[in-house]
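FYI, it's all coordinate maths here, none of it is from the lab. The structure presented is a predicted model; accordingly, all values stated were derived computationally and were not measured. Positions of Cβ are generated from backbone atoms using ideal geometry, with glycine treated the same way; all protein chains shown enter the neighbour counts.
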Amino acid sequence: MEGNVNWIPLGILGLIVVIWATKFLTAIRLKQKLKKSWDGAPFFRKKDTEESLIDSLAYPAKGKTIDSQVDDQTWHDLALDAVFDQLNYTQSSLGAEALYQKMRLLEFQPQDQLHDLEAFFEEHPDLRLKVQVIFNQLGKKNHNMARSIVANPGKRYAGLPLYLALACLPIICLFTIPFEPVGAITLLVISVVFNIVFSSLRNWSNKIRLDNVSYLVRIFASAERLSHLALPQQEELKQAVKPFKKTRILASVLQSPTGTSEMEIVLLYLNVLFLLPQIAQVYIYNQVKAYQKEAQKLLDLLGEMEVAISLLRHKRELEVVCQPVFTETGGIEGETLYHPLLSNPIANDVHFQKNMVISGDNASGKSTYLKTVAINAILAQGLGFAYGETLTLPHGHVLTAMDVSDDIEVGDSYFITESKAILRMIQHLKKPGFHYFFIDELFKGTNTIERIGSGLGIVRWLAAQNCLYMISSHDIELVAASGEVNDNYHFDSRYVDGKIIFDYQIKPGSAVTKNAVNTLESLHYPEEITQTAKDLIDQYEETGHWSLKEIKKNSIHTV
């Protein structure tokens, strides 16, 4: 009996060796996968839910100046969630939240630190890979609330000495077995059962706090590991992580289940047996309360680091990308700007120094052009790059009214919803700073006369405000009359052999082509319908009014 008991410490040592070897081999495999994915190989990355990312907006960096926020309407109009997904190569939720914040909470200043980090990781691929491995091991956790805890750490918690004593008791019993087998084993069983029951009860009663703190613990442990790498922010990391260096001991077992590690079941039992979540909770809350500034600094440094790596990876897939130049006055000037979500985008130059009304045929490119300019204006300010050869602009708020629809829940018609979307632009002008407005099909939800009258009222009023507007419209009258207060541009098309051909290039002046009837013909509508439409259009252009009575009776037949 005594001889067998003496093997227990050796068994524990063997288990430790197995755990270490397994983690070492897992890290090697992960590094190989990340290296291949950098060159384009598929790599599974769990996504953060949009609800979780939106939650993070409530906790920007303390002391950070938020000059403008991309509101929900603009985010939806421009499909910026899809743009975010395209940019997002982050390995951790902390990095994804930082990227999301940068796209929605804009600072009116150049992103110099971000550019410097991108350049550093481009020149040091080995270090970049090591950083990616650390962020991957940090992992994803929706609604992790790490930023919330740092922003509001609450009161100081007691009970840490008790938790430590209970956690150490099973270990002490194991090493005293060779000297007092019966008593030590009895006490070991009692301590293990007590810890399991106690931990389970605490987890059940305080599960939310325990879940949240586990991710923050791993963030601090990741920061401690990063502080040993020769990074540009190494000294800042070392100073900020000092109060949290002990968290690395806890972080190795406070992992969120991913299904990729053979040790997760073992670590789960270790959590319960040694009360590690409880210890981590008390320790972290107390440390964050005492060193809140340092904790926020770590979140900022790590977030910026992973955003830089994510953008660097995204730009590897782009042939044309530029760093914007910011001016104090003027408008947006750009060469060969394009839309990031189109597989084969047509690039256009932008001369948005004056207010613009853009006319043109259906599907000719008006809406895409507005979205292209708006998306690039946001990304230039938030992430310091644009899709194009050059982009010059002053900082400013970007608001859109494009993809509006009826709001059935509150009983609003299309026109009411559209009017509210534009009203929010008008009210936003009360905020300091320059504004860029993008409106697609101004007031298309009402009749022609009121649409033109209301539309002209809007453009005349906006022309006198501290903003630039870019508006698309099908209304020839509105386009012509608005020329007194803005520049006119257009997109056109050609009708060749029964097909409508677009070049998707913006041109100065008002539209001179109309393709609605041509579209009907290309879809093989009855000739009587298309001919009647043509006759009515010719009549209106000659007389200025519409009348079915004056159309020849023989031009209308029944099928």
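Worth a mention:
- Cα→Cβ-extended label distance, 7 Å offset, between VAL193 and LEU174, nm: 2.1 nm
- Principal axes of segment 277-342: Cα extent on each, largest first, Å: 56, 32, 16
- With a cut-off of 12 Å between beta carbons, the residues surrounding SER454 carry a summed charge of 0, where Lys and Arg count +1 and Asp and Glu -1.
- Candidate aspartates and glutamates - alpha carbon under 18 Å from LYS64, same-chain residues fewer than 8 apart omitted: ASP55, GLU97, GLU107, ASP112, GLU236, GLU294, ASP300, GLU304
- Sorted on the mean count of surrounding Cβ atoms within 10 Å across their residues, most packed first, peptides 317-328, 101-112 read 101-112, 317-328.
- For segment 51-201, taking Cα atoms only, Rg and Dmax work out to 23.8, 73 Å respectively.
- Label point distance in nm, ILE426-GLN239, each placed 7 Å from Cα along Cα→Cβ: 5.1 nm
- Listed peptides 486-492, 182-188, 358-364, 463-469 by packing density, highest first (mean Cβ within 10 Å): 358-364, 486-492, 463-469, 182-188
- Members of LYS47/LYS238; LYS102/LYS141; LYS238/LYS315 lying beyond 26 Å, as alpha-carbon distances in this model show: LYS47/LYS238; LYS238/LYS315
- Measure of compaction for segment 278-417 (Cα Rg per 2.2 N^0.38 Å): 1.47
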